[in-house]
Amino acid sequence: MTTSKETNKWKFSIEIKHLLTETDSPQESVNILCISLISQLELVKEKLEKDKFVDSDVKETFIDNLNKIIDNFQFLKNFTSGEILMEAWEDYNFNSEWEEWFDGYLAELYDLGDTRIVNKNNTTDKFLWVG
């Protein structure tokens, strides 16, 4: 059995720190962050789909995980943007927990990001840097 060589590289990276401000309300902040994360994660997914150095089975697993995380941020964005009306919040057991839900979804993203992805040349990179 051949062992993989771990690199100190990140396969992909995204940036959100520049979006953090003290002036926005929690609702506005979470909305802005969700919109940016959805967009950036969709681009990561597209790049991964085109990556010739990762086996298709490995890609499929990471893409499935990315899709779940993107869906979570989209769901939260629907609350922050008003697409899910306040009258329906009770149906989702939601009570303006913008930051708590966001932090939970971000923790899932960090966990995925720290996961190592095996390349065809038998090296592994950490999947995604979130800065």
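Rule-based calculations on the coordinates, nothing more; no lab input. Everything quoted here is computed from the prediction, not taken from an experiment. Heads up, the Cβs are rebuilt from the backbone with ideal geometry, glycines too, and the neighbour counts pull from every protein chain shown.
Per DSSP H run of n ≥ 4, the term is -39500 (n - 2.57); total these for the chain, divide by its residue number, and report the mean residue ellipticity at 222 nm rounded to 500 deg cm²/dmol. Could the numbers behind the result be given before it?
Values: 3 runs with 67 residues, N = 131.
Calculated at 222 nm, the ellipticity per residue is -18000 deg cm²/dmol.
Considering only alpha-carbon pairs that sit under 8 angstrom and 6 or more positions apart, the relative contact order computed for the chain is 44 percent.
Over the C-alpha trace of the chain, radius of gyration and Dmax come out as 16.8, 57 angstrom. Candidate cross-link partners of LYS120 among the aspartates and glutamates, defined by an alpha-carbon separation under 12 Å and a same-chain spacing of 8 or more, comprise ASP51, ASP55, ASP57. Between amide H atoms placed 1.01 Å from N, distances below 5 Å from VAL54 occur with LYS120, all of them 5 or more places distant or on a separate chain.
Long hydrophobic helices in the chain, taken as whole DSSP H segments with a C-alpha length of 27 Å or more on their own axis and mean Kyte-Doolittle hydropathy at least -0.5: 26-50, 56-80. Separation of region 67-127 from region 29-47 is 10 Å, based on Cα centroids. Dipole of region 1-95 computed with +1 at Lys/Arg Cβ and -1 at Asp/Glu Cβ about the Cα centre; of THR80, SER25, ASN8, farthest Cα towards the positive end is ASN8. Each of PHE73, PHE94, PHE53 has some number of other Cβ atoms within 10 Å of its Cβ, and from fewest to most they run PHE53, PHE94, PHE73.
Listed from fewest to most Cβ neighbours within 10 Å, the set SER36, SER25 follows the order SER25, SER36.
Note on TRP129 and ASN78: the extension gain reaches 15.8 nm, defined as 0.36 nm multiplied by sequence separation minus the Cα-Cα distance.
Please find, in a Gaussian network model of the chain (springs between Cα atoms separated by less than 10 Å), the residue of ASN31, ASN65, ASN93 whose mean-square fluctuation is greatest. Checking each option, the largest mean-square fluctuation is seen for ASN93. Between ASP55 and GLU15, what is the FRET efficiency for a Förster distance of 25 Å, r being their Cβ-Cβ separation, to the nearest 0.05? For R0 = 25 Å, the calculated efficiency reads 0.35. Here's the list of lysines a cross-link from LYS126 could span, going by alpha-carbon distance under 23 Å and ignoring same-chain residues fewer than 8 apart: LYS5, LYS9, LYS11, LYS17, LYS45, LYS47, LYS50, LYS52, LYS59, LYS68.
Note on ASN122 and GLU6: their simple-model spin labels are 1.8 nm apart, each label 7 Å out from Cα toward Cβ. Scattering from region 48-107 was approximated by placing one identical point on each alpha carbon and applying the Debye formula without solvent; log10 I(q)/I(0) at 0.19, 0.24 1/Å stands at -0.73, -0.94.
Its Cα centre serving as origin, the chain has a Cβ charge dipole (Lys and Arg +1, Asp and Glu -1) of approximately 1080 debye. As a proxy for reagent exposure, ranking LEU112, LEU128 by other Cβ atoms within 10 Å from fewest up yields LEU112, LEU128.
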